[in-house]
1. What are the residue pairs meeting all of these: first residue in segment 125-150, first residue under 20 Å from Gly103 (Cα atoms), second residue at pLDDT 95 or above and basic (Lys, Arg), Cβ atoms under 6 Å, and 6 or more apart or on different chains?
2. Picking from Phe134, Phe148, Phe66, which residue would you name as being in contact with an Asp or Glu (Cβ under 8 Å, 6 or more places away or on another chain) and over 12 Å from Trp182 (Cβ atoms)?
3. Need at least 1 residues that are within 18 Å of Tyr58 (Cα to Cα) and open to solvent by less than 40 Å² (accessible area, probe 1.4 Å) per element, so show me which helices (runs of 4 or more DSSP H) inside segment 75-183 make the cut, counting only ones lying wholly within it.
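The values are calculated or read from the model by the stated rules, or taken from the named source; none is laboratory data. Note that the coordinates shown come from a computational prediction; the quantities given were computed from them, not determined experimentally. Here the Cβ positions follow ideal geometry from the backbone for every residue, glycine too, while neighbour counts run over all protein chains shown. Ligands, DNA and RNA are excluded from the accessible area calculation, which covers all protein heavy atoms including side chains. Shrake-Rupley method; radii C 1.70, N 1.55, O 1.52, S 1.80 Å.
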Amino acid sequence: MVLLAGAAVVREYPVTALVLGTVTAALAVVVVLVRTGRLRLPGPAGEQQDVTHTLAAYQRMTGPQFEHAIAALARRDPAVRSATVSGGANDRGLDVLVVLRDGRRVAVQCKRYAEGNRVGAPAVYTANGTYRAFHHCDHAVIVTTSRFTRDAEAANAALPEPLRLIDGRGLARWAGGGRAPWA
């Protein structure tokens, strides 16, 4: 009965039926792409999305802009409940606090450095010394636009629970849709 009525509508209004069929098919494709993560739709009006997907764009930012960009990048991850900027003077190794939907807390230290200026071991020691005891976090990440010194990598490797070190190349991969540091 319904099929007969549908056939009658198609015969009577073929152009309208074709347009509605095309729109329905396009909508179905968009839904599939969004659900599989191959398409990201913009967030609610007023929400700032991170649209910087190149390392050069991060390097041109000021320190506070970089911290806000990292927080915005973190918010793109569906596993993140919130990402708030906490940096400033005496931040004790915490620039962005990320809270995951499962309740875990991640301390993120942001180091926007020029390519020739590498992040050293003191940054690793600072973040490691404060993320659990002072900030009550479960994990810590250091993100830089540059690279880490060998001393920083060695210091991190010697820790019982190493921090996640994200260099400029890792940042560019993350910003381009790669895995988040806490994944």
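1. From residues that are under 20 Å from Gly103 (Cα atoms), the pairs are Cys137/Arg105; Asp138/Arg104; Asp138/Arg105; Val141/Arg164.
2. Result of the check over Phe134, Phe148, Phe66: Phe148.
3. Output list reads 168-175.
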